[in-house]
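Bear in mind that the values in this text are calculations on the coordinates, not laboratory data. No experiment lies behind these values; they were computed from the predicted model shown. Glycine gets a Cβ as well: all are built from the backbone with ideal geometry, and neighbour counts include every protein chain shown.
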Amino acid sequence: MTQQRDLKAYWSANITYVLILLTVWFCVSYVFGIIFADQLDSFHILGFPMGFWFANQGSEVIFVLLILIYVKLMNALDIKFDVHEQ
Amino acid sequence: MSILAWTWVIVGLSFALYIGIAFWAKAKSTGEFYVAAKQVHPVLNGMATGADWMSAASFISMAGLISFLGRDGSMYLMGWTGGYVLLAMLLAPYLRKYGKYTVPMFVGERYYSNAARVVAVVCAIFVSFTYVAGQMRGVGVVFSRFLEVPINTGVMIGMAIVFIYAVMGGMKGITYTQVAQYCVLIVAYMIPAIFISIMLTGNPIPQLGYGSSVSAGGAEILKDASAQGQHLLDVLNKIQMDLGFTAYTAGGSKSTIDVFAITFALMVGTAGLPHIIIRFFTTPTIRGARASAGWALLFIAILYTTAPAVASFARINMIKTLHNEEYAHAPSWFKNWEKTGLIIWADKNGDGIMQFGKGNAFIGGKPNKEKDNLDMKSPNELQIDRDIMVLANPEIAKLPSWVVALVAAGGLAAALSTAAGLLLVIASAFSHDLLKNVVAKNMNEKQELIAARIAAGGAVMVAGYFGIHPPGFVAQVVAFAFGLAASSFFPVIILGIFWKRASKEGAMLGMLSGIGFTAAYIIYFKFMNPPAFNVAANWLWGISPEGIGTIGMLINFAVCIVVSMITKEPPKQVQDMVESLRYPREIA
């Protein structure tokens with residue numbers, strides 16, 4: 001039954017990755033870009049008020065990075081647990 | 001060469017390219033017709049997804065919408081991109097592992113029920129048809145503005161083109177034309193944006209340009225010497241506030257909870273749209289499906305990060321060059337677009353000078369036939385159609401005629417690519433989910449392929465009909481397609497993948513209660529009551545009908561979970577199938 005346990009570990013590692021990445025997803029868009037946008041606007045980034053930047057561009061750029069990180073992590077995880085496609 | 005001649009040449013060349021691809025990519029099997037035989041490279045699939053996703057609305061209307069809404073317009077930027085994160089992590093790899101052809105098919109097999117499949121077919125067809133009618137109309141509008149043919153002739157030409165490559169090539173033909181269409185539309189969007197950014201700020205990257213300072217040349221264009229060296233957004237904020245608007249970079253036109261709910265409904269709706277989901281069925285591997293979502297979002301983000309820059313440039317340029325300017329000295333682009341009726345000046349105080357300000361130039365925001373329904377309560381004398389922010393861009397930047405022509409080809413590429421993706425969903429829902437699965441189970445491969453082609457052809461006809469005779473409700477409903485997708489598909493697919501216990505009773509009641517609640521709320525506020533009733537004070541928790549899909553989705557989740565707990569658990573082979581979705585390789 002060792003293989004069964006490995007699959008469980010694979011699945012829970014996957015869920016952990018997804019939860020962490022989706023927390024970042026939620027923070028940059030909903031927390032920074034909507035809820036606390038006004039407060040963040042007193043800081044500046046790349047010449048933009050920060051809350052405005054997260055809402056306008058920042059969250060989109062970070063979304064792309066999040067998927068990139070997920071792809072890298074999962075491809076490595078697939079190989080580690082020997083469930084990758086041949 | 002004149003602008004019109006250039007436009008015919010460039011649009012003609014782009015259409016020839018699409019048809020050429022159609023002949024090269026003819027579908028020979030149902031596998032090729034439904035999912036391009038799962039042979040699409042992840043990068044190409046990313047481009048195709050980008051074109052599939054970015055419609056006439058993204059290309060023509062979004063920047064204008066943002067320029068009028070300021071920071072609140074970001075809900076469209078975040079809402080229409082954030083869904084890809086959900087797709088990449090929660091849907092694409094698992095549905096690719098499932099490996100079959102349609103979304104209703106997955107729902108039917110996972111919930112071991114043909115009834116669930118039929119409910120899903122109805123949702124998919126409804127969502128896709130409301131969406132596609134708008135695209136066909138968009139094709140007609142671009143034709144009429146740039147090529148001076150009647151709107152209906154434009155719709156017919158668009159239909160003929162889509163007919164050729166969708167019916168012949170199916171998913172395979174659509175995919176490779178979408179790749180070409182992405183290239184056309186992104187070049188057409190970026191060139192004017194880059195030049196306007198250089199003109200106003202000296203920065204060739206528009207994404208950074210609108211956060212930079214106004215250059216000497218920019219100050220000259222804006223007719224404001226004091227603007228030189230100041231941050232462009234500061235100049236824009238100041239002029240906005242001088243005219244009585246809120247600052248451009250501040251929110252304020254909508255409540256925080258409503259912006260939150262709308263953004264969420266758009267994100268989850270994106271992840272629930274069948275024509276986007278099936279794009280991830282076409283990659284050769286599960287690795288490829290994951291990567292493909294990343295490529296898709298990268299290609300989409302190039303346009304979506306440029307749109308807010310275009311919005312700011314257009315806004316500041318419009319106010320600075322038109323407000324308090326004598327009509328006799330109006331810029332040439334203003335005179336050109338005045339002819340189309342997209343921009344109208346009404347001299348309320350008879351001083352021969354154009355004044356811009358808060359409120360409407362005409363009562364109700366629309367001029368009547370005689371253009372004499374002036375709204376005297378507002379000092380604003382300019383009636384501006386939002387679409388002009390993108391359409392007039394090349395002329396504002398004084399770019400050569402061929403760039404104007406390129407924008408026309410880009411708008412057509414955006415509309416046609418989205419229409420084709422939606423038509424395929426409709427065709428496969430008919431031929432595979434209804435005909436093959438329910439009506440004529442004994443169909444062989446050849447017959448099904450013929451049926452699929454006929455269904456695609458029929459769907460093109462119906463879409464064209466709606467494009468020529470747009471039902472009054474389409475414009476209103478398109479915005480709600482997302483809410484309906486969010487409250488129907490998304491929860492049952494997520495639970496279907498991540499929770500083995502989810503039962504068919506739970507899924508069906510969940511879908512029906514989610515979409516039922518959302519549709520009822522929208523109908524109540526949009527169709528049963530006068531517009532004056534559709535205000536925050538009457539809304540549930542201050543959430544507008546645009547954002548109510550978020551609540552509908554939560555209801556669907558809650559109902560599906562509770563009902564699944566009290567009904568029989570799914571059969572063993574279904575639970576085994578759910579287990580197998582989790583691992584990229586087949587585990588015995």
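What FRET efficiency would be calculated for the residue pair B:Leu17, B:Phe533, taking the C-beta separation as r and a Förster radius of 51 Å, to the nearest 0.05? Each step should come with its number before you reach the end.
Values: r = 49 Å, r/R0 = 0.97.
Once the sixth-power term is evaluated, E becomes 0.55.
Applying the Karplus parametrisation 6.51 cos²θ - 1.76 cosθ + 1.60 with θ = phi - 60° to the phi angles of the range B:388-405, what ³J(HN,Hα) value in whole Hz is obtained for each residue in order, glycine and proline being reported as x?
Calculated HN-Hα couplings, in order: 5, 4, 9, 5, 8, 3, x, 6, 4, 7, 6, 8, x, 4, 5, 6, 4, 4 Hz.
In straight Cα distance, which aspartates and glutamates are under 20 Å from B:Lys398, not counting same-chain residues fewer than 8 positions off?
Candidates past the 8-residue exclusion: B:Glu220, B:Asp224, B:Glu325, B:Glu338, B:Asp387.
When a footprinting reagent is the concern and you count Cβ atoms within 10 Å, what order do B:Lys500, B:Lys568, B:Lys398 take, fewest first?
Details: B:Lys500 17, B:Lys568 9, B:Lys398 14.
Arranged by neighbour count, lowest to highest, B:Lys500, B:Lys568, B:Lys398 become B:Lys568, B:Lys398, B:Lys500.
With 10 angstrom as the radius, rank B:His323, B:His275 by how many other C-beta atoms surround their C-beta, starting from the fewest. Numbers along the way, then the final one.
Values: B:His323 19, B:His275 25.
In increasing order of surrounding Cβ atoms, one gets B:His323, B:His275.
Which entries in A:Lys72/B:Lys572; B:Lys348/B:Lys369; B:Lys100/B:Lys446; B:Lys97/B:Lys436; B:Lys223/B:Lys369; B:Lys504/B:Lys572 show an alpha-carbon gap greater than 25 Å? Let's see the in-between values first.
Values: A:Lys72/B:Lys572 33 Å; B:Lys348/B:Lys369 17 Å; B:Lys100/B:Lys446 18 Å; B:Lys97/B:Lys436 22 Å; B:Lys223/B:Lys369 34 Å; B:Lys504/B:Lys572 14 Å.
Beyond 25 Å: A:Lys72/B:Lys572; B:Lys223/B:Lys369.
Please sort by residue number the trypsin sites (Lys or Arg not before Pro) in the range B:274-330 whose DSSP state is loop and whose Cβ has at most 15 other Cβ atoms within 10 Å.
On the way: sites: B:Arg279, B:Arg287, B:Arg290, B:Arg315, B:Lys320; in loops: none.
Hits after loop and neighbour filter: nothing returned.
For the range B:64-103, state which trypsin sites (Lys or Arg not before Pro) are in a DSSP loop and have at most 16 other beta carbons lying within 10 Å of their beta carbon. Let's see the in-between values first.
Numbers: sites: B:Arg71, B:Arg96, B:Lys97, B:Lys100; in loops: B:Lys100.
Of the trypsin sites (Lys or Arg not before Pro), the ones in loops of the range B:64-103 whose Cβ has at most 16 other Cβ atoms within 10 Å are B:Lys100.
Which value does Rg/Rh take for the protein assembly as shown over its C-alpha atoms, Rh per Kirkwood?
Values: Rg = 25.1 Å, Rh = 25.8 Å.
Expressed as Rg/Rh, it is 0.97.
Wrap a convex hull around the Cα atoms of chain A, take a quarter of its surface area, and give that in square nanometres.
Here the figure is 6.8 nm², rounded to one decimal.
Quick one: compute a quarter of the convex hull surface over the Cα atoms of chain B and quote it in nm².
26.6 nm²
Can you list which of the chymotrypsin sites (Phe, Trp or Tyr not before Pro) found in the range B:529-588 are DSSP loop residues with at most 14 other C-beta atoms within 10 Å?
Working: sites: B:Phe533, B:Trp539, B:Trp541, B:Phe557; in loops: B:Trp539.
Here no chymotrypsin sites (Phe, Trp or Tyr not before Pro) fit, given the DSSP loop and packing criteria.
If the cut-off is a Cα-Cα distance under 15 Å, which aspartates and glutamates reach A:Lys80, setting aside same-chain residues fewer than 8 apart in sequence?
Straight-line reach from A:Lys80, under 15 Å: A:Asp6.
Tell me which residues come under 5 Å, amide H to amide H, from B:Ser113 once H is placed; ignore anything under 5 positions away on its chain.
Close amide H contacts, sequence-distant or interchain: none at all.
Report the label-to-label distance for B:Thr256 and B:Ile344 in nanometres (one decimal), using points 7 Å from each Cα along the Cα→Cβ vector.
Rounded to a tenth, the inter-label distance reads 4.0 nm.
Kindly express, to the nearest 10 degrees and within the range 0 to 90, the angle between helix A:59-80's C-alpha long axis and the longest C-alpha principal axis of chain A.
10 degrees
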